[in-house]
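These notes concern the structure reproduced below.
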Amino acid sequence: MKFSSFWQLATFGIKTILFHKKDPILGTVIVTDKCNLSCKHCSVNNITAVIYPYEQIKREMQTLFDMGVRILFFCGGETFMWQDGAKTIRDLVIEAKQMGFLIVNVVTNGTHPIDLPEADLILLSLDGDREAHNQIRGDTYDTIMHNIENATASNICFYMAINQINKHAIESVCRKAHELKNVRAVSFNFHTPYPDTKQLKLSKAEKQSCCDTITRMMNEGMPVFNLKSAFPYLISGTFPTPCHQCVVIENGKISTCGRCISVPGLCSECGYFFVAEYTLLFKGKIKIILEMLRTYLKYV
Ligand SMILES: C[S@@+](CC[C@H](N)C(=O)[O-])C[C@H]1O[C@@H](n2cnc3c(N)ncnc32)[C@H](O)[C@@H]1O
Ligand code: SF4
Ligand code: SF4
């Protein structure tokens, strides 16, 4: 990360903590909900299957920028299926950088060829070893590994949603992240139980066991892009929700934190690590602040 970007983000953090501000800094644009997969844990794919036009997405990016957002995510659906004429997700990333966003990340299922060197991070969903991943995501593991091998930059970060099917496969994903030259780290979430996927949620004891494994991996030097000091809050579900510093925009509709905010009662069962990490950060928890500084400077 450039020093000027770091300084802008640090200034935002200090102001937010001191003055209890609720302005957003992290924004997500949903480019489409169309997807080539139908993962067992996912409730947001192919509801409309509309690919939003370039001009609309550009306006939405500008809206977020004008609100103060400086860390931008593109998400879906499958982001690599987005296109408008000759424009692809890569053009959106370049446009976002030109607009002035400091960090631009893309979330993908990794089943398409990866040529996105301008992104700061490509969060690529890997949900376990071959067996667990394929059970959740269909027969895609080998294609994904091939695409990672042939990616044009080493800006990939695995993104694993831990649930009942893959809770035993954390170590395998950490070791893969460590082994592959184009992969920088792995970032975890716990399954967030939407009404149609409640059966996949983890108990507190299971979350504790997962966090023990992740901690062991971190101690062994595996590249984990999460904050250990947030684990107790994630296990007990005692972090504040929603995250007021995060917004998402989908087809013109802006939601605080995630589009899941419209699902009644879901926030009390939230499994997204970023929510715990950001809300605790902006509450001014010293251990979180120090660990976030170390972690972000290492991986972004
Ligand atoms: C909705 S997908 C969209 C981007 C892309 N299609 C992908 O799979 O990475 C974004 C991320 O959300 C995760 N996800 C989906 N449903 C979830 C849930 N109920 N709880 C936690 N993570 C979930 C996916 O595993 C994926 O890593
Ligand atoms: S690839 Fe992503 S959007 Fe598609 S079904 Fe899986 S988690 Fe959902
Ligand atoms: S806190 Fe609520 S809105 Fe935010 S990600 Fe979690 S479930 Fe979604």
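Things to note:
- Length gained on full extension, Asp84 to Met218: 44.1 nm, using 0.36 nm per residue less the C-alpha separation.
- Assuming charge only on the beta carbon of Lys and Arg (+1) and of Asp and Glu (-1), the dipole of the chain about its Cα centre is about 980 debye to the nearest 20.
- Whether the chain is rounded, prolate or oblate, judged on the alpha carbon gyration tensor where a/c under 1.5 counts as rounded: rounded
- Difference of contour (0.36 nm per residue) and Cα-Cα distance, Thr11 to Ser236: 77.9 nm
- Antiparallel DSSP beta bridges within the chain, percent to nearest 5: 20
- Footprinting exposure proxy for Leu124, Leu9 (fewest neighbouring C-beta atoms within 10 Å first): Leu9, Leu124
- Relative contact order %, the chain, counting alpha carbon pairs below 8 Å whose residues are six or more apart: 17
- Based on DSSP H segments of at least four residues, each scored -39500 (n - 2.57), the chain has a per-residue ellipticity at 222 nm of -12000 deg cm²/dmol.
- Charging the Cβ of each Asp and Glu at -1 and of each Lys and Arg at +1, and nothing else, the dipole of region 149-300 about its Cα centre rounds to 260 debye.
- Converting the Cα gyration tensor eigenvalues of region 86-214 into ellipsoid dimensions via √(5λ) gives semi-axes, longest first, of 27, 16, 14 Å.
- Distance between modelled label sites at Asp66 and Met1, nm, 7 Å Cα→Cβ extension: 2.7
- Cβ-derived FRET efficiency at R0 45 Å, His20 paired with His146, nearest 0.05: 0.40
- Extension gain, Leu290 to Asp139, is 50.3 nm, computed as 0.36 nm per intervening residue step minus the present C-alpha separation.
- For region 10-162, relative contact order (Cα pairs under 8 Å, six or more residues apart, normalised by length) works out to 21 percent.
- With R₀ set to 41 Å, the beta-carbon distance separating His168 from Glu55 gives a calculated FRET efficiency near 0.35.
All of the numbers you see were taken from the coordinates with simple rules; none came from a lab. Model, not experiment: these values are computed from the prediction. Every residue, glycine as well, gets a Cβ built from its backbone with ideal geometry; the counts of neighbours run over all protein chains shown.
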